[in-house]
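Worksheet: one structure, shown below.
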Amino acid sequence: MKKVVRGFYSIAHSVKLCKPNVIAAYPITPQTEIVENLAKMYSNGELGDCEYVTAESEFGAASILVGASAAGARTFTATCSQGLVLMSEVLLNAAGMRLPIVIVNTNRALSAPLSIWNDHQDSMLLRDGGLIQIHVETNQEAHDMVPLAFKVAENPRVMLPFMVNMDGFKLTHAYEPVDLLDQEIVDSFLPPYEPPVYMTTKNPLTFGSYAPPHCYAEFRVTLQNAMMRALDEIEKAYKDWAEITGRYWGGHAVGEYTDDAELVVVSMGSLTGMVRDVVNEMRREGKKVGLLKLRTFRPFPVKEVRNALKNANKILVFERAVSFGYEGPVGIEVKSAIFGFTPEFYSFAVGLGGRDVPREEIVKIIGDVYEGKVEQGFHFGTIKEFEEVVV
Amino acid sequence: MSFFGPGHGACPGCGLTIATRNVLEALEGKCFVSNSTGCLEIVSSQYERSAWGVPYIHSLFENAAAVAAGIELALKALKRTDEGKVVVFAGDGATADIGIGPLSGMLDRNHDVIYICLDNEAYQNTGNQQSGLTPTGSNTTTMPAGELMPGKTGRKKDMISIAVGHGIPYVATATVAFYADLRRKVKKAAEIEGAKYIQIHTPCVTGWGIDGKQTLESARLAFETALYPIIEYENGELTKVRKIKDRKPVEEYLRIQRRFRHLFKHPKGQEIIRILQKIADDNAAKFNLDV
Ligand SMILES: Cc1ncc(C[n+]2csc(CCOP(=O)(O)OP(=O)(O)O)c2C)c(N)n1
Ligand SMILES: [Mg+2]
């Protein structure tokens, strides 16, 4: 049923249909409305046997889900920014324990200075932790990714935490038409969680054991293997999803005009819509530009990215974060994925801390790169003149 | 299979393992264990050598209470509460310092969890560093007795009042010196719905500098000097205290432990001993410990 809803509602609605057993909540802007909507559903008795709990911190919320997941429950939480960083010790631990917790991260900048607005600095910090991470462009995509996240996370070949990233405010608070799923569809796609192992007195097992040097590395190898298997399992889930709903999200990275493009622009998240619009316009003007929409960030889809970028003479990455002391994190990944190719490479960090990215800025950056007016390497987008005080 | 051990690597005379075995036996192994990082975890949960005969999880140093809350919620949601009780084993550092936030959350929400604080009065797993539950005057590696400093200068944190302040139905102290009392308290806690906090005094052979044979003796002296009152609160009311016959001066407890030895020659030692004696006297008065 198509309805105009806000992003946070599209998530809460989807979470409900996934029938989680335990939800742990803690407020942080712009995520709060997700857990508030779930709280309302719980309070009205719409969440079945689900236990909804308000934690004392994001650290506590994530820890509650570690216990719940280990005991065999389907678990969900949402957070962002400072909350995600506070959760990080727990989430990395959950990955090591192979607990399929699903998290929606409403991407928000990091402090200092404090900012409640959108960029991708928060999720990038968890890049190396063993969580599956995808980014969505629209609220329909966000809505659909929740059942997909549970399905993949709980897949016995995967068993990993799954983080769905959606841009804070830009998606969470945007009104968009969303074809809201119904229970029957989600039930037919997502069976109840059947953990391969879980805490039970019927078969007492030890979780979170301590590993001396003679066996630690093997655990980490299995974590890497699970991540790499997730590449295929995510694709399979997308195909199943398309059969049931008619919506195919295009896999890990979706190329447009990449076959003959001289310049391919790489984008991730909600900015992609505007980038696509500009690329389409330039195409109409006969300019050979293309788009690569990156959807999966971890595991990183090297094959898809290489394939989409193999013919490009120039690559331009729009970044929403910076790895301070180097360049933008997406650019780092893309460059490493195309090892051996020798295109010109450009990256621009735009919209940090929710700075508006006007269409003209995108037009100018792509146009300048296309026409060879920009130096290769990492740049910041529009920055005001200011005086840096160095003492 | 036993509930705990054989196969753990604890020191001979370790107070933690005595307490743990008694708790698990009191619960007849019908429990889920959430354990914080620390000595107990390290000596018992090595991969392929787990000493645990009950479902066990170790997540982090500071989140055992929250993990336990999650297990409890999962059992409720999955209608499996009849499988057993949820029990936390956490060190004094994990409890009173780094994990006090998650502990407070768990107590505040009144989860049906038995929280056992294994109080060996310092970060012992990492080699005897000062915690909030380290007693005044104790020599630790992060506040060693030196020319100037006489060891810890602050007080032992009053976790019992903090637990009682959360309005939970059951709070108690116990000691490895009195097994029967410890088991009775655990059994009683298991009968009560809601959050339970039991702090067990568990001597540490290496950290305290005692002989493996002196574990029970030192625990008993802590009680007999009134430095470690053995008390019980139900619904916020003090309902039971273990009385002391012929209360001993604190020196008798201090003298047998290396961590307090400096007090007998340090320029500030006598002052610290006076402070400790006052703490003991105040305990005796507050809880009416003397017979
Ligand atoms: C966040 C974090 N900080 C520090 C440590 C290091 N660490 C591990 S165990 C421990 C001390 C444990 O002390 P306590 O809780 O009293 O337990 P004990 O070993 O004394 O039984 C410390 C400091 C850690 N594992 N995690
Ligand atoms: Mg300790």
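Laid out as a table, the results:
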{"read-out": "Ratio of Rg to Rh over the range B:163-238 (Cα coordinates, Kirkwood Rh, two decimals)", "value": "1.03"}
{"read-out": "Which listed pairs, of A:K16/B:K30; A:K236/A:K288; A:K335/A:K373; B:K157/B:K240, have C-alpha distances above 25 Å, in listed order", "value": "A:K16/B:K30; A:K236/A:K288"}
{"read-out": "Cα lying deepest toward the dipole's positive end in the protein assembly as shown, options B:S59, B:G146, B:S34, charges on Cβ", "value": "B:G146"}
{"read-out": "5 Å binning of all Cα-Cα separations within the range B:1-123, expressed as whole percents from 0 upward", "value": "2, 12, 23, 24, 21, 12, 4, 1, 0"}
{"read-out": "Interchain or long-range residues, amide H under 5 Å from B:M143's placed H", "value": "B:Q130"}
{"read-out": "DSSP loop chymotrypsin sites (Phe, Trp or Tyr not before Pro) with at most 12 other Cβ within 10 Å: longest gap in chain A", "value": "A:1-247"}
{"read-out": "Nearest-20 debye value, the range A:253-386 charge dipole, Cβ charges on Lys, Arg, Asp, Glu", "value": "380 debye"}
{"read-out": "Cβ-based charge dipole, the protein assembly as shown, positive-most Cα from B:A226, A:S57, A:V264", "value": "B:A226"}
{"read-out": "Percent of beta bridges antiparallel (DSSP, chain A, rounded to nearest 5)", "value": "20 percent"}
{"read-out": "At most 14 other Cβ within 10 Å, DSSP loop - trypsin sites (Lys or Arg not before Pro), the range A:280-367", "value": "A:K310"}
{"read-out": "Table column - 3J(HN,Hα) (Hz), the range B:167-177, Karplus curve with 6.51, -1.76, 1.60, x for Gly and Pro", "value": "x, 7, x, 8, 9, 8, 10, 8, 8, 5, 5"}
{"read-out": "Label-zone membership for the range A:265-279, site A:N311, 7 angstrom Cα→C-beta point, backbone N under 17 Å", "value": "A:265-266"}
{"read-out": "Where labels lie 7 Å past Cα in the beta-carbon direction, separation of B:L238 and A:N225 in nm", "value": "5.9 nm"}
{"read-out": "For the range B:35-52, Karplus couplings with θ = phi - 60° (6.51, -1.76, 1.60), whole Hz, Gly/Pro x", "value": "10, 7, 4, x, 4, 4, 4, 5, 7, 10, 10, 5, 3, 6, 10, 4, 8, 8"}
{"read-out": "Cα centroid of the range A:307-348 to Cα centroid of the range A:218-265, whole Å", "value": "19 Å"}
{"read-out": "With at most 10 other Cβ atoms within 10 Å, longest stretch of chain B clear of loop trypsin sites (Lys or Arg not before Pro) (DSSP)", "value": "B:80-244"}
{"read-out": "Cα gyration tensor of the range A:1-54 - equivalent ellipsoid semi-axes, whole Å, descending", "value": "17, 15, 8"}
{"read-out": "In the range B:53-161, GluC sites (Glu not before Pro) in a DSSP loop with at most 13 other beta-carbon atoms within 10 Å", "value": "B:E147"}
{"read-out": "Chain A: most fluctuating residue of A:A174, A:A149, A:A95 per GNM, C-alpha cutoff 10 Å", "value": "A:A174"}
{"read-out": "Directionally averaged shadow of chain A, computed from the convex hull of its alpha-carbon atoms, nm²", "value": "21.6 nm²"}
{"read-out": "Near-label residues of the range B:264-291 by backbone N, under 19 Å of a point 7 Å along Cα→Cβ of B:S161", "value": "B:275-289"}
{"read-out": "For the range A:253-386, with +1 on Lys and Arg beta carbons and -1 on Asp and Glu, the positive-most of A:V369, A:M282, A:I315 along the dipole", "value": "A:I315"}
{"read-out": "Antiparallel bridges, percent of DSSP beta bridges restricted to chain B (to nearest 5)", "value": "25 percent"}
{"read-out": "Approximate spin-label separation A:S43-B:T206, in nm, with each point projected 7 Å along Cα-to-Cβ", "value": "5.2 nm"}
{"read-out": "Percent antiparallel among DSSP beta bridges (both partners in the protein assembly as shown, rounded to 5)", "value": "25 percent"}
{"read-out": "Average partner coverage of A:45-53, which counts Cβ from other chains inside 10 Å", "value": "3"}
{"read-out": "Estimated inter-spin distance, A:R284 and A:E176, nm [label 7 Å along Cα→Cβ]", "value": "2.2 nm"}
{"read-out": "Over 43 Å [Cα-Cα, the protein assembly as shown], rounded percent", "value": "34 percent"}
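Every read-out reported here was derived from the displayed coordinates using simple, explicitly stated rules and does not represent laboratory data. Note that the structure is a prediction, hence the values are computed from the model and not measured. All Cβ positions, glycine included, derive from the backbone under ideal geometry; neighbour counts span all protein chains shown.
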